[in-house]
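Notes follow the structure.
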Amino acid sequence: MNDFAPLFARLGQSTFRSRFRLGVKERQYCLDKGAEVIASHAADFVAKRLAPAQPQNDGKQTPMRGHPVFIAQHATATCCRGCLEKWHHIPHGQALTESQQQYIVEVIYQWLVIQMNAPR
């Protein structure tokens, strides 16, 4: 398991990134679906929307609402290839490797765990 504390500290200094939180509906969705399903959704979104070298609608492929993973992607700067390059030093223009995809899913998942354990 990676230590994402330095990353989350940097993200917390961003006014835009730090404003994202799970709402009541998203928290309940996580509880209803369970960790395994949510992690599967994250892996699927990353594989389909971020992994290609030139993702379709890059920069606009991740809505800001509607699913806990989408919210997490914006909070963790894993929402588009530009953010991945800026915040995570993952270059755009080449397909994501399996290990890069797994790293992104781990970042998203860890943020969701923090949110689910935060006081309401």
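The values are calculated or read from the model by the stated rules, or taken from the named source; none is laboratory data. Computed from a predicted structure; not experimentally measured. All Cβ positions, even for glycine, are placed from backbone atoms using ideal geometry, and neighbour counts span all protein chains on display. Just so you know, the surface numbers come from the protein's heavy atoms only, side chains and all, with ligands and any DNA or RNA stripped out. Shrake-Rupley method; radii C 1.70, N 1.55, O 1.52, S 1.80 Å.
Before moving on, here are some points about what is shown:
- Full extension of the chain segment joining Q94 with R120 gains 5.4 nm, where the gain is 0.36 nm per residue of separation less the Cα-Cα distance.
- Across all C-alpha atoms in the stretch 4-48, the radius of gyration and Dmax reach 13.1, 31 Å.
- A Gaussian network model of the chain, with springs between Cα atoms under 10 Å, assigns the largest mean-square fluctuation among G82, G59, G34 to G34.
- Accessible surface comparison of R19, R65, R27, probe 1.4 Å, protein chains only, largest first: the order is R65, R19, R27.
- Contour minus Cα-Cα distance for E106 and E85 (0.36 nm per residue): 5.9 nm
- With all protein chains modelled, accessible area of S99 [1.4 Å, Å²]: 90 Å²
- Note that the stretch 23-38 has calculated 3J(HN,Hα) couplings of x, 4, 5, 5, 4, 5, 4, 4, 5, 5, 7, x, 4, 5, 5, 5 Hz, one per residue in order, obtained from phi through the Karplus relation 6.51 cos²θ - 1.76 cosθ + 1.60 (θ = phi - 60°); glycine and proline are x.
- Ligands, DNA and RNA left out, the 1.4 Å accessible surface of the chain is 52% carbon and sulfur atoms.
- Computed log₁₀ I(q)/I(0) - Debye formula, equal Cα scatterers, no solvent, the chain, q 0.13, 0.17, 0.22 Å⁻¹: -0.46, -0.80, -1.37
- Between V113 and T15, the simple label model (points 7 Å from Cα in the Cβ direction) yields a spacing of 3.2 nm.
- Heavy atoms of D44: accessible area, 1.4 Å probe, square angstrom to 10: 60 Å²
- Each residue of the stretch 110-120 was assigned a 3J(HN,Hα) from its phi angle through the Karplus expression (A = 6.51, B = -1.76, C = 1.60, θ = phi - 60°), giving 5, 4, 5, 4, 4, 5, 5, 8, 6, x, 7 Hz with x at Gly and Pro.
- Of all lysines in the structure, those lying under 20 Å Cα to Cα from K86, and not within fewer than 8 positions of it along the same chain, are K60.
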